[in-house]
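Read the figures in this text as sums done on the coordinates, not as results from a lab. Everything quoted here is computed from the prediction, not taken from an experiment. Here the Cβ positions follow ideal geometry from the backbone for every residue, glycine too, while neighbour counts run over all protein chains shown.
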Amino acid sequence: MAPARDETLRGRITWVGGGRVRLESDAGPLRVTWADAHEEMVGRWAEMDATETTTGWVARRVTLGAAPLASFPKPSGDWLAFHGQERAAITRLRARAQASRTLRDLLELEGFLEVETPLAVPSPGLDLHLAAFEVQGMRAPRFLITSPEYQMKRLLAAGLPRIYALTRCFRKDERGHRHEPEFTMLEWYRAFENADALMRDTERIVETLASALTGGTRLAIDALGARSVGTELAGPWDRLSVADAIARFTSHTLAELLAEEERFFLVWSHEVEPKLGFDRPVFVIDWPASMASLARLHPDRPAYADRFEAYVCGIEICNGFGELIDPIEQRARLLRDQEARRAAGLPVYPIDERFLGALEEGLPPCAGNAMGFDRVVALLTGAPTVADVMAFGSDRL
Amino acid sequence: MYEMSDIRKNLKVVLDGAPWTIVEFQFVKPGKGQAFTRTRVRNLLTGNVVERTFKSNESLEKADIEERQYSFSYKEGDSYVFMETKTFEQLHLNQEQLGEAVAFMQDGMLVDVLFWNEKPIGVTPPTFVELKVVETEPGFKGDTSTNTLKAAKMDTGATVMVPLFINEGETLKVDTRTGEYVERVRTK
């Protein structure tokens, strides 16, 4: 028989009955025998000097915190939100923390330097389909970043060849089971490498996170409204051109859809995306040059942008580029983007002259990728929405 | 007007000149692409459910929909007379306006009446009602199987498919959403 063990238990009393209490400790619930327990103690924090006997924990001395002023648990309170459904929210927060630890270990090992870039910037990017929050009360107009791209490219030009940031980004009006207006992005860049190297990084990152969080590489749980069919996450992943994806999953052709960009996005989001990346993830490559964003044109196929997106179970997890480093072409594109925003009646954000200045001083040839960290964690933990892997989604503020 | 960011379940909107309710919605947006709100909507006049997708800059007209509780008073010719439970205001509805609810009307029954622009467009009876069998083939004693069904006419005029062991004069619990038999009610 094991000898009796003394320990100090700490937690919240969530149930009292028959001379016993349920103590919700950080590690999980404990049953503790305590002769003085009575119902009014439910909801109070307690520190118990207890002895573990063959019949369970027995309290010897108990210090109680103050009684909650409100009813416990409050139906809309935080305790139920985190402890309901067998503490699923807490389990996911632990998984999230483990994911960021694993990620940092992996990237440090690959020689990447972690950088922290500002959240409030002079220009949030000019992409026609992104809306930014304006920050009031600063000396000059400021916006919350939609991605850390401009500042990270300035660091590349400043001579840091391998960098990554795990940072909050903000996108106005984006809210749904796969979107939150405030979310976390993993963005990384390699100087003197091309998009191909970034795709291999992407495979390795997802595979490593899957092993760390699930103990394997086969995705076996439904998440984010998508049904998993045992997707194999280990690389190499499939590669599929935009044109082939449209031909395979729809009755349209890329050329026909490009005549009207809105039709392209309607067909892409409704008919193509939901079918991508089920057996194994897929990189969608060869994006039309008109959708290059900040990517260079493909060195071998100039009708296409050197851009890729990865999909897992119909869910886009990242968007990467062989980066545009030509300052003249970059300025021309930004001016075009401003014009498009003006024509669409959208706010016209300023051009970031220091970003262009970095390109003018010289950006090394490089490639970068931006991955939705919350989406990847949600996929690996079977979370129904991205908010479910955040401590506080926007609905709970 | 509702903006796309206002969309939520059960919102009542006007589309193509008819009132609809949002059953389901999903925000869809490729990272570098245009955003859409994909919805499933139910027509409040016909009950039809269809899929509709809206662009992020679209806005939807708010449908003036109101639901009020009435109790059924009596039938007068072709007209069914109801009384609002709060204001005691009277409301006359014909058979067509009552729709499928007409088969379940009992004196004093509480119903929810849906109004669109102050015009009644739908009547929802209680989910479960107790109805008396007035006409059915004689029951087979001892046959407690619920797999085989026969037709039974109820005191409100509804025809319900019931198990073979049910007899005339018995009271049954019926689900008004499906018109299906639920169980036998013991009457004291």
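May I ask you to sort A:Trp57, B:Trp20 by Cβ crowding, counting other Cβ atoms within 10 Å and putting the fewest first?
Sorted ascending by nearby Cβ count, the order is A:Trp57, B:Trp20.
Could you calculate, for chain B, the ratio of the Cα radius of gyration to the Kirkwood radius, expressed as Rg to Rh? Don't jump to the answer; show the numbers that get you there.
Values: Rg = 21.5 Å, Rh = 19.3 Å.
Rg/Rh for chain B comes to 1.11.
Between the alpha-carbon centers of segment A:279-296 and segment B:30-82, tell me the distance in whole angstrom.
Cα centres, segment A:279-296 to segment B:30-82: 39 Å.
Please list 3J(HN,Hα) in residue order for segment A:315-330, calculated via the Karplus relation 6.51 cos²θ - 1.76 cosθ + 1.60 where θ = phi - 60°; whole Hz, with x for glycine and proline.
These are the phi-based 3J(HN,Hα) values: 10, 6, 10, 7, 9, x, 9, x, 6, 6, 10, 7, x, 6, 5, 5 Hz.
Report the Rg/Rh value for chain A, based on alpha-carbon coordinates and the Kirkwood definition of Rh.
A ratio of 1.07.
Rank-order B:97-109, A:154-166, A:78-90 by packing density, defined as the average count of other C-beta atoms within 10 Å over each peptide's residues, highest first.
A:154-166, B:97-109, A:78-90
Which FRET efficiency value, to the nearest 0.05, do you get for A:Ala343 and A:Thr8 by plugging their Cβ-Cβ distance into 1/(1 + (r/R0)^6) with R0 = 51 Å? If you can, show how the numbers build up before the last one.
Details: r = 67 Å, r/R0 = 1.31.
The pair A:Ala343/A:Thr8 has a calculated efficiency of 0.15.
Work out how much length B:Ala151 to B:Asn94 would gain on full extension: take 0.36 nm times their residue separation and subtract the Cα-Cα distance, in nm to one decimal.
This chain segment gains 17.9 nm when fully extended.
Among the lysines, which fall within straight-line cross-link reach of A:Lys153, defined as a Cα-Cα distance under 20 Å, with same-chain neighbours fewer than 8 residues apart omitted?
Qualifying lysines at Cα under 20 Å: B:Lys32.
Mean residue ellipticity at 222 nm from the helices of the protein assembly as shown, using -39,500 (n - 2.57) per DSSP H segment of n ≥ 4 over the full residue count, to the nearest 500 deg cm²/dmol?
After summing the helix terms and dividing by residue count, I get -6500 deg cm²/dmol.
Of the cross-linked pairs B:Lys9/B:Lys86; A:Lys172/B:Lys55; B:Lys132/B:Lys173; B:Lys62/B:Lys86; A:Lys275/B:Lys55; B:Lys9/B:Lys173, which ones have a Cα-Cα span greater than 19 Å in the structure shown?
Violating the 19 Å Cα-Cα cut-off are B:Lys9/B:Lys86; B:Lys62/B:Lys86; A:Lys275/B:Lys55; B:Lys9/B:Lys173.
For the peptides A:351-357, A:121-127, what is the packing order when you average, over each peptide's residues, the other Cβ atoms within 10 Å and list the highest mean first?
A:121-127, A:351-357
Among A:Ser293, A:Ser228, which comes first, then next, by fewest other beta-carbon atoms within 10 Å? Write down the numbers at each step before the final one.
On the way: A:Ser293 21, A:Ser228 18.
In increasing order of surrounding Cβ atoms, one gets A:Ser228, A:Ser293.
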